[in-house]
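**Student:** To start, I am sharing the structure in question, which I have written as structure tokens.
Just so you know, all these numbers are worked out from the coordinates, no wet-lab data involved. Remember, predicted model here, so these are calculated numbers, not experimental data. FYI the Cβ positions are ideal-geometry reconstructions off the backbone, even for glycines, and counts take in every protein chain you see.
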């Protein structure tokens, strides 16, 4: 079983690699639609404009704050991989593989992050993967009333895991 809190690595250039691996109860084609159809992306991640082609434009506007990411599709292998290279969130790679009647999802985020934002960013991606599962189950995020308490719970776990042992 994989750790729901994922993994973190540091590259030689100082960028972080955050990885989340989840088994979703839905088939690959349904998960792929949730990753690539702008109306479906808004159910769990952000308001999205995606030109679905390598080199295509990507714009993600988070509805629980004021963050807007601009970038390009840098990898497109329907229905198993899509990658965005964005200005504020780095490189975002979603990979899908069939897993019985469900899907194995791996999200890899490669980004430059200040150390003091690391726990909150990890919690943010964690909760978005949770939101993806919810949306696939027919429960999209209510953005005006998004469950910040879920993020706070995960953030506390990430904060605790990063504290030096004294």
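**Student:** How large is the helix-only mean residue ellipticity at 222 nm for the chain, computed as the sum of -39500 (n - 2.57) over DSSP H runs with n ≥ 4, divided by its residue count, in deg cm²/dmol to the nearest 500?
**Tutor:** -8500 deg cm²/dmol
**Student:** Right, here's the next one. Which residues does the label zone of residue 75 cover in region 104-137, counting backbone N under 12 Å from a point 7 Å along Cα→Cβ?
**Tutor:** Under cut-off, by backbone N: 106-110.
**Student:** Can you give me the Kirkwood hydrodynamic radius for the chain, using every pair of distinct Cα atoms, in Å to one decimal? Write out the running numbers ahead of the final one.
**Tutor:** Values: mean 1/r = 0.0615 Å⁻¹.
The Cα-based Kirkwood calculation yields 16.3 Å.
**Student:** So how far, in whole Å, is the C-alpha centre of region 81-115 from the one of region 40-72?
**Tutor:** 14
**Student:** For each of 91, 25, count neighbouring Cβ atoms within 10 Å of the residue's Cβ, then give the residues from fewest to most.
**Tutor:** Placing the least packed residue first, the sequence is 25, 91.
**Student:** While we're on this one: Using Cβ counts within 10 Å as a stand-in for footprinting exposure, how do 20, 158, 117, 5 rank, fewest first?
**Tutor:** Details: 20 22, 158 19, 117 11, 5 14.
Neighbour counts put them in this order, fewest first: 117, 5, 158, 20.
**Student:** If you don't mind, another one. Once the Cα atoms of helix 148-162 and of the chain are each reduced to a long axis, what angle between those two axes, in degrees from 0 to 90 to the nearest 10, is obtained?
**Tutor:** Between the helix axis and the principal axis of the chain, the angle is about 50 degrees.
**Student:** Got a sec? How would 40, 19 order by Cβ neighbour count within 10 Å, fewest to most?
**Tutor:** Fewest-to-most Cβ neighbours within 10 Å comes out as 19, 40.
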